[in-house]
1. Only bridges with both residues in the range 177-342 count here: give the DSSP antiparallel percent, nearest 5.
2. Please label the shape of the range 230-296 as rounded, prolate or oblate, based on the square roots a ≥ b ≥ c of the eigenvalues of the alpha-carbon gyration tensor (a/c under 1.5 means rounded; beyond that, a/b larger than b/c means prolate, else oblate).
3. Hey, in the GNM for the chain with a 10 angstrom Cα cutoff, which one of 176, 165, 51 fluctuates hardest?
4. Going by amide H atoms built from the backbone, whose H comes under 5 Å of the H on residue 322, apart from near neighbours?
5. Nearest-5 percent of antiparallel DSSP beta bridges in the chain?
6. Taking Rh as the Kirkwood radius, which is the inverse of the mean 1/r over Cα pairs, what is the Rg/Rh value for the chain?
7. Tell me which residues come under 5 Å, amide H to amide H, from residue 233 once H is placed; ignore anything under 5 positions away on its chain.
8. For the chain, with a Gaussian network of springs between Cα atoms less than 10 Å apart, report the residue from 86, 163, 286 with the top mean-square fluctuation.
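The values are calculated or read from the model by the stated rules, or taken from the named source; none is laboratory data. Computed from a predicted model, the values in this text were never measured in an experiment. Positions of Cβ are backbone-derived with ideal geometry, glycine not excepted, and every protein chain shown enters the neighbour counts. Just the protein is used for accessible areas: all its heavy atoms, side chains included, with ligands, DNA and RNA removed. Shrake-Rupley method; radii C 1.70, N 1.55, O 1.52, S 1.80 Å.
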Amino acid sequence: MTTYQLEVIENTAKKDKPAQDQIPFGQTFTDHMYIMEYQTDKGWHEPKIVPYGPISLDPAAMIFHYGQTVFEGMKAYHTEDGRVLLFRPEKNFERLNLSSERLSIPPIDEDLALEHLKQLIKLEKDWVPKTPGTSLYIRPYIISTDANLAVGPSSTYKYMVILSPVGSYFPGGLQPVVIHVEDKFTRAVKGGTGMAKTAGNYSSGYQAQANAKKEGNADVLWLDGVEKRYIEEVGSMNIFFKIDGEVFTPELNGSILKGITRMSIIELLNSWGIPVTEKRMAIDELYEAYQAGKVEEVFGTGTAAVISPVGELNWQGQKMIINNHEIGELSQKLYDTITGIQTGKVEDTLDWTVEIN
Ligand code: COI
């Protein structure tokens, strides 16, 4: 179909690449980006790879007013033998469409999106950093563009992909982070948008995060919005607990993000014969287990965060110091295995990686 023909406009003014030792998360962007338009009568059309740069939008564009937008986060990794791999990219496009459904945004063709992403990354191959712990972060997103202040879904959208070479998400690399358990503000409730990757879920957490940071915490752990008792997720990652030899994570209940790293960790642990119990987990019960000396490890999982060990949880003035602020054995093994698969160092027996060629 002609409207799906990918047009490529090369950037003739290439930028310098950043030094790879300390790349801050999400602040540097590559030379090209991808844009595809949507219009009700035409569907998704005119896919293009163009030089990275500002786009022009009407000040009344609906994205600015009612936040009808969704996004994804994925990564491309360099292998030692010079290949570039994606990690389960089909799961991201599947989730993008799930988020879009919740936000009344028309779905994209998942196969086409993956095909075009591969072409974009092929063009930007030199931007995939090679230093251990680095990768090319991929941010696909859709914005609503009708110039219209009436509340309701837009009839035009832009689907875009931008790329950013990154190091670790939390400054300090694979070091255990300190997390505040939030018991005042709410991230999501059942029936809301918690399971979708949409902008408002993140910006509505800034106030709580700012308060937590003032007290020396890196992020917040959200509790359920009704009873403020059941553990949900951290601002940028899902969360796992190793308690008395067993691994637990909050069950997906409609207000927790269906993390792809979360899913992969569960599958990986299962493949090692370690079951993961997905259940409703109360913070007071976690605290009791902590007081009984049973909480062995806590770690977050996410595309950006990878595996981030948690060294301390602060809940209502009580400190839970986890594994003496040290990286736990299981967290380290999971980090090594998942990053090993992603970078081609560990055999991909679960068939998760997709090579760009
Ligand atoms: C990711 O892990 O890719 C995310 O989207 C989390 C984030 C908001 C940085």
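1. 65
2. oblate
3. Residue with maximal mean-square fluctuation among 176, 165, 51: 51.
4. Here 312, 313 satisfy the definition.
5. Of the beta bridges lying entirely in the chain, close to 80 percent run antiparallel.
6. Over the Cα atoms of the chain, Rg/Rh equals 0.97.
7. 222
8. 286
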